[in-house]
1. Filter the range 294-322 for residues that are part of a loop (DSSP other than H, G, I, E, B) and at pLDDT 80 or above; which is surrounded by the most Cβ atoms within 10 Å (Cβ to Cβ)?
2. Looking only at the range 177-212, which residues are closer than 24 Å to Thr370 by Cα and basic (Lys, Arg)?
3. Scan His239, His187, His250 and give me the residue that is more than 20 Å from the chain's Cα centre (by Cα), within 21 Å of Arg124 (Cβ to Cβ) and not hydrophobic (A, V, I, L, M, F, W, C).
4. Right, Ile207: within 23 Å of Ala280 (Cβ to Cβ), assigned to a helix (DSSP H, G or I), over 22 Å from the mean Cα position of the chain (by Cα) and of a type in the set (A, V, I, L, M) or not?
5. Suppose we filter the range 174-184 for residues that are assigned to a helix (DSSP H, G or I) and either buried (at least 22 other Cβ atoms within 10 Å of the Cβ) or more than 15 Å from the chain's Cα centre (by Cα) (or both); how many remain?
6. Quick one: Leu163 ticks every box in (1) at pLDDT 90 or above; (2) aliphatic (A, V, I, L, M); (3) surrounded by fewer than 21 Cβ atoms within 10 Å (Cβ to Cβ); (4) within 17 Å of Glu209 (Cα to Cα) except a single one, so which number is it?
7. Just checking, how many residues over the range 296-326 are of a type in the set (D, E, K, R) and in contact (Cβ under 8 Å) with a residue 24 or more places away in the chain?
8. Which pairs turn up if I take residues in the range 266-295 that are under 20 Å from His89 (Cβ atoms) and look for partners that are small (Gly, Ala, Ser) and outside any helix (DSSP H, G or I) with beta carbon separation below 7 Å, at least 6 apart in sequence or on another chain?
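The values are calculated or read from the model by the stated rules, or taken from the named source; none is laboratory data. Treat the numbers as computed from the prediction; the structure is a model and nothing was measured. Backbone-built Cβ (ideal geometry, glycine too); neighbour counts: all protein chains shown.
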Amino acid sequence: MNAKRRYVTEATKKEVLSFYGNHCIICGVDPSAVDLAHIEEDCTRSGFVDLAPMCANANQSCQRSQDQCTYPLIEEVRPARLEITADSHFSRGKWSAAYGCLRIAAHLYSRCDRPVDALHCLIRSIRPLRPIENADLLLYSVISAAHLITQKRSRIPALYHGLFLHQVALVLFDYALINDAFEFERHAQRLLDRTKLSDNPDRLEIIRENARRGVCMVSPQPDILIPELERSNETLFRHGDYTGVVTNFHVMSAIEIAVHGFSMRAREYVEQGLTFENKAENLWPIAELYLLKGRFLKGENDSKAKDYLESALKSFSMYCIRPEPLRCEGNLISNEPGHILRELGYNEFQLIGVRGPCPLSQDLLKCLLTQVIGQDQKD
């Protein structure tokens, strides 16, 4: 007997379209040709986390190919193509569309028994949720990834265990849970350092270097790790990963501020990062650097400070980015451009980026570590 189909309520439809927009998340087709598609093709589940707007062409292609693992899909919805589309969305600040494409890709990989690729997409789907805040989707991706690791452990290399823990650690940092973030990063680095990727050593090197700054962000003694980030930048620059370079400079400036306040050295890191702004493919670190540049100019040249802060605020507001917290003299402080502009006397600017409580509970965090690393947690 077939399971009973659950129909989408008007409230759920409104929530889905509010999050993703009233257009296909893959091709951007206009609303008149959009279906509210079940991401994992399970019509018995019709909640917010289960749905995304897709054009009829893409949706029908997924449905028609359900029982065939040769991927008789139109080009736009082949999972590898969806990953490319997600990268394009992410680079333009279309976080929700990037998330949706990665969720669909993860499902299509799982459907054809490719757990490593499915897991990688689930891990990557956490990344576009960091700038925005949606507890339901974050929980879904985190729990689904951990479940897949447990279910297919023998087929999934330690590299992906480490990448998962690293991504969770970044989320914990966003919510100012520094100690928890450090615990996850510590285990992530150990797993990544144990990994061998003989078929693509360059890719592994890039992964390790980009993950390394996570430890630096949350370390109890972050300043001693700045030389590591400087060496990391040499590697990332050699590989042409300018987004990684810019993000490293942002982290280096934030670490310097955390230890020594708004020093000249921190300012130099900001300036160096901004020299690569036209080559970086991620708007988030650029907006953060504009924000820090504005803070350095505050009191020195308030007019220029306002210009940089406005540029940061425009990016944060346009792309729904929440600024990362900033450690200063041992304390986590708000790094909110609207608030700083108000301090300069520009009261028309609204406050943005307020975060709610972290949706990952302490019990869930313990469970994740147990699931992913097992007995290693005791080391």
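1. Taking the candidates together, the pick is Lys298.
2. Pass one, the range 177-212, residues closer than 24 Å to Thr370 by Cα: 177-196, 207-208, 211-212.
Those that are closer than 24 Å to Thr370 by Cα and basic (Lys, Arg): Arg186, Arg190, Arg194, Lys196, Arg208, Arg212.
3. Working: His187 fails: more than 20 Å from the chain's Cα centre (by Cα); His250 fails: more than 20 Å from the chain's Cα centre (by Cα).
Selected residue: His239, the only one of His239, His187, His250 that is more than 20 Å from the chain's Cα centre (by Cα), within 21 Å of Arg124 (Cβ to Cβ) and not hydrophobic (A, V, I, L, M, F, W, C).
4. Values: within 23 Å of Ala280 (Cβ to Cβ): yes; assigned to a helix (DSSP H, G or I): yes; over 22 Å from the mean Cα position of the chain (by Cα): no; of a type in the set (A, V, I, L, M): yes.
For Ile207, the condition - within 23 Å of Ala280 (Cβ to Cβ), assigned to a helix (DSSP H, G or I), over 22 Å from the mean Cα position of the chain (by Cα) and of a type in the set (A, V, I, L, M) - is not met.
5. First pass over the range 174-184, keeping only residues assigned to a helix (DSSP H, G or I): 174, 178-184.
Restricting the remaining residues to those that are either buried (at least 22 other Cβ atoms within 10 Å of the Cβ) or more than 15 Å from the chain's Cα centre (by Cα) (or both) gives 178-184.
The total comes to 7.
6. Among (1) at pLDDT 90 or above; (2) aliphatic (A, V, I, L, M); (3) surrounded by fewer than 21 Cβ atoms within 10 Å (Cβ to Cβ); (4) within 17 Å of Glu209 (Cα to Cα), Leu163 violates only (3).
7. Quick first cut of the range 296-326, residues of a type in the set (D, E, K, R) only: 298, 300, 302, 304, 306-307, 310, 314, 322, 324.
From the residues that got through so far, the ones that are in contact (Cβ under 8 Å) with a residue 24 or more places away in the chain too are 298, 302, 306, 310, 322, 324.
Adding up the residues that qualify gives 6.
8. Close Cβ pairs (under 7 Å, with a partner that is small (Gly, Ala, Ser) and outside any helix (DSSP H, G or I)) amount to Leu283/Gly93; Ile286/Ala280.
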